[in-house]
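Inspection log for the structure reproduced underneath, given as structure tokens.
Read-outs: derived from the displayed coordinates by stated rules, not from any lab. Please read all numbers here as calculations on a predicted model, not as lab measurements. Every residue, glycine among them, receives a Cβ derived from its backbone with ideal geometry; neighbour counts consider all protein chains shown.
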Amino acid sequence: MKILVVGGIGYIGSHMLKRFKETNYDIEILDNLSSGQKENTLNYKLHVCDLSDKETVYKILSEQNYDLVMHFAASINVEESYNNPKKYQQNNVINTINLLDCMKNLKINKFIFSSSAAVYGEPEHLPVTELHPFNPVNPYGDTKAEVEKILKSYEESCGLKYVSLRYFNACGAHLDGTIGEMHDPETHLIPLVLQVASGRKKHISVFGDDYPTPDGTCVRDYVHVMDIVEAHILAMENLTNTHKSQVFNIGNKKGFSVNQIIQMAKEITKVDIPIKIQGRRKGDPAELIADNKKIMNLLNWNPKYSDLQTIVKSAWNWEKTLKIK
Ligand SMILES: NC(=O)c1ccc[n+]([C@@H]2O[C@H](COP(=O)([O-])OP(=O)(O)OC[C@H]3O[C@@H](n4cnc5c(N)ncnc54)[C@H](O)[C@@H]3O)[C@@H](O)[C@H]2O)c1
């Protein structure tokens, strides 16, 4: 099977490529290098191309016989999405339509999409099942919900078969220490906390300590990036075998508060981590936890690395290599 990994040299995509090295799949990458690192290609062929350039995307797809496309490419900064919603519409929605149109014309009909828990917004019940209504509370979440609706319409109109994987908080780094999270600017809690521990940042901002949670800080479901990529392998195999579209939550069904993360980081790094309490951010639900029964039952997915210690330890090992660079 020949697979095109779009956005394959970013944080999650690079872990996917490493996992593919253990398989016989024929892999190529398409990426515009906007936030991906060239050194992450692992000798797979990289097509440097922006998804907005539909003509080139079509040419790349038409010159190869891809069976399936995995789509990691997106703009992912929630705060930026408030300030520049047009960028998010263009990159996350319109560029995805470009890709789907090229696939449609070439009769490539298998697609794995990186969706997000952001489609749910403020949850009406916990843990959140896949049947929870879409209620995104920021423009980034809007774009993911929109693409999911578009996928449905492509299935109806041209027989596209897809799996939409709604990641909760992706985190951690490869256990071999060679790759990890490196967003610029970084907005995710765990790498930011560890940047304080390594001395790259002075303090960690905690946005709100008056939420209705046990310690007043927000609770999230953290899932190790290596467990996320395993879900992709299982989803892809299931799609190939059943030809049935699916939507799955990728979460750990456990919540940790911001304070618990900081505490674990202190224990692992043995460094004091100064915190600054700030006001709540708009669009931050108090608690977001995945119901992961569907993927566990249907695909036999079982998170192996998503305990908090493994997550923070692996991210800390990675942060130490970044500090040295
Ligand atoms: N990181 C998380 O916690 C998280 C949570 C939920 C969902 N997701 C989704 O997972 C996916 C991957 O996230 P990530 O953290 O690896 O992001 P990332 O920014 O590290 O990787 C995105 C990759 O896509 C490429 N890219 C972006 N726009 C492109 C374009 N127009 N054309 C070609 N390439 C383009 C970038 O260069 C980069 O290599 C995204 O779709 C994101 O929305 C991430």
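Things worth noting here:
- Sequentially through the stretch 131-139, phi angles give Karplus couplings (6.51, -1.76, 1.60; θ = phi - 60°) of 8, 4, x, 5, 8, x, 10, 8, x Hz, Gly and Pro residues having no value and appearing as x.
- Spin-label proximity, Q90 to the stretch 1-28 - amide N less than 19 Å from point 7 Å beyond Cα toward beta carbon: 7
- Largest GNM mean-square fluctuation among V57, V271, V137, using the chain with Cα springs under 10 Å: V271.
- FRET efficiency, R200 to K21 (Cβ-Cβ, R0 25 Å, nearest 0.05): 0.25
- Residue-span extension gain [K152 to I277] - 0.36 nm each, minus C-alpha spacing: 40.8 nm
- Cβ-based exposure ranking for R280, R220, in which fewest neighbours within 10 Å come first: R280, R220
- Spatially close Lys pairs in the stretch 277-325, defined by Cα atoms under 25 Å apart and a spacing of eight or more places or different chains, total 6.
- About the centre of its Cα atoms, the chain shows a dipole size close to 400 debye [charges on the beta carbon of Lys, Arg (+1) and Asp, Glu (-1) only; nearest 20 debye].
- M70, M182, M1 arranged by Cβ crowding within 10 Å, fewest neighbours leading: M1, M182, M70
- For the stretch 226-285, alpha-carbon Rg over 2.2 N^0.38 Å: 1.77
- About its Cα centre, the stretch 143-294 has a charge dipole of approximately 220 debye under the convention of +1 per Lys or Arg Cβ and -1 per Asp or Glu Cβ, with nothing else charged.
- Backbone HN-Hα couplings from phi across the stretch 288-303 [Karplus 6.51/-1.76/1.60, Hz, Gly and Pro as x]: 9, 9, 7, 8, 10, 4, 4, 6, 5, 6, 7, 10, 6, 6, 9, x
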